[in-house]
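Input: a single structure, listed below in C-alpha cells.
Derivation of every value follows stated rules applied to the coordinates shown; laboratory data play no part. The shown structure was predicted, so the numbers you read here are calculated from the model rather than taken from an experiment. Quick reminder, even Gly has a Cβ in these numbers, built from the backbone with ideal geometry, and neighbours come from all protein chains shown.
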Amino acid sequence: MLTEEQVEKFKQDGFLVLEDFATPEEVAALKQRGEELVEAFDPATISVFSTRNQTAKTDTYFLDSASAVSFFFEEKAFGEGGQLEQPKNRAINKIGHAMHDLDPVFRLWSRSSKMAGLMAALGFQRPLPVQSMLIFKQPYVGGEVVPHQDSSFLATDPFSCVGIWLALEDARRDNGCLWALPGSHLEGVHRRFLRAADGSVRFDVDMPSFEGLAGFVPVEVKAGSLVLLHGGNVHLSKENTSPHSRHAYSMHFVEGAPGFSYPPDNWLQRPAELPFEPLFDAAAGAPAAAAGSAGRPAGTAAFAQPRGRSSARRPAAVAPQAAVRVY
Ligand SMILES: O=C(O)CCC(=O)C(=O)O
C-alpha cells in the first residue's frame, strides 16, 4: 500500500500525496452521494461555520454533529440581515462529522479494505475513525481554513491523529488547494481546542503566527488523489477565488490500541450508543489488507508524534477564546 520511501517521506515532511488513490468511479459515487445529501437537506437549522469568527457561539448543533450528519454553511452565503443569499447547493461549507459511521455510502468507502490497508501501512494497530467531513469549497464563496494542526482538535495521549484528505475534484491554488508546512509536525502540537464539562470550548493558547506563510507549499492534486496529513502538520487552505468548486472528503483517525487514551476534553465526544468503531484490531487478528502491520510497535509507527510543547495530559490553561472549530 505504501512503499518504504513513501513512509519515510511522510515521516520527514508530515504529509504525503497518494495519486489515484480512489478510482474515478469511487470519486463519482462519493460526489453523487454528497449531492443527494444536500438535495435532501432542509436548512431549518442553520449553523454557520467559520474559521475566522472566533466569537461565534458554539451551539449544541456543532457538538451534536460528533454523532450526526450535520450541515454547516459558509459565512459569505449570508447577507447583512442574516438571510441566505446563495442557493443551498452553493452555500454549504461542509457536512460532518459522523458520515463514516452513519451514511451508508461514506461508510462503505471509509471502512473499505483500501482504507484499512492504508492505516495498516502507517502502523496503526486499532485505527479509530473519529471524524469525517465532506468539505465543499464553493466557487467564489468557499472560505479559508486558517493554519492549524489536526491533533489540536483530536488529541490522544500520546498524540496519534492522522488526516486522510481525498480530493473529489482537482485542487489548485485558485480554487483553494491545501497548503502544508513541511517538517512542521516535528515541532510538537502548539495548542489544544478544549471542551469543558459544561460543553463550552476554547483554545488553551494562541497559535504561533505564520507571517507571510513562509515555507508553506501548495498541495495541488487531481481528483482521486489522497493527501495524508500527520496530526502535527501545520496546514491551511485559502479562499476559493475561482468559478470552480473544490470538494474533498476528509477523515481523521486516531490510534485506539492499549497505551493510547482519548481524553474527555476533546470537543468531539460520542454518546455511549455510538462508540468509536475501529477499522480493524490487529490484536484480535487483522484483516487481510492489514497483514504486515500486526505486531509493529506503536512507537515506530509513521503517525508517532513527539510530545512537543503541548500534550493531551497537560492541564488546561489560560485565555478563553474560540467558540467554533477552526479547521
Ligand atoms: O479542505 C480544506 O480546505 C481543509 C481541510 C483540513 O484542514 C483538514 O481536513 O484537516
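Laid out as a table, the results:
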read-out: E8 paired with E80, simple spin-label distance in nm, labels 7 Å along Cα-to-beta-carbon; value: 6.0 nm
read-out: Exceeding the 30 Å Cα-Cα cut-off - candidates K11/K88; K11/K76; K9/K114; K9/K76; K76/K114; K9/K238; value: K11/K88; K11/K76; K9/K76; K76/K114
read-out: D265-D157 pseudo-label distance in nm [points 7 Å out on the Cα-to-Cβ vector]; value: 0.9 nm
read-out: Spin-label pair D206/A284, simplified geometry with 7 Å Cα→Cβ offset, distance in nm; value: 4.6 nm
read-out: Per-residue HN-Hα couplings for segment 227-233 [Karplus 6.51, -1.76, 1.60; θ = phi - 60°; Hz; x = Gly/Pro]; value: 10, 8, 10, 4, x, x, 5
read-out: Amide proton proximity set for S261, modelled H, under 5 Å, gap of 5+; value: D157
